[in-house]
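First up is the structure itself, then whatever we jot down about it.
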């Protein structure tokens with residue numbers, strides 16, 4: 001399990017250095033993503049991130 005305080009702390013430190021930060025907290029998940037709706041949300045988020053940073057949609 002990743003405690004929410006850890007990514008919050010990392011994100012805050014990166015922002016302090018002027019870095020853009022995105023992370024996703026999924027309700028009801030601990031470390032392994034088990035719920036279908038959360039898997040879909042994660043994949044959409046990753047696809048959007050990759051599309052933005054690789055210059056276009058990755059899939060779908």
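The values are calculated or read from the model by the stated rules, or taken from the named source; none is laboratory data. The shown structure was predicted, so the numbers you read here are calculated from the model rather than taken from an experiment. Don't worry about glycine lacking a Cβ; one is built from the backbone with ideal geometry, like all the others, and counts go over all protein chains shown.
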When every residue in region 38-58 that is surrounded by fewer than 13 Cβ atoms within 10 Å (Cβ to Cβ) and not in a helix (DSSP H, G or I) is compared, the one modelled with the lowest pLDDT is 57
Residue pairs qualifying under the 7 Å Cβ cut-off, at least six apart or on distinct chains, with the first in region 2-22 being on the phi < 0 side of the Ramachandran plot and at pLDDT below 90 and the second being surrounded by 10 or more Cβ atoms within 10 Å (Cβ to Cβ) and part of a helix (DSSP H, G or I), are 22/49
Check your understanding: Is it true that some residue in region 18-28 is out of contact with any helix residue (DSSP H, G or I) (no Cβ under 7 Å at 6 or more places or on another chain) and assigned to a helix (DSSP H, G or I)?
Key -> no
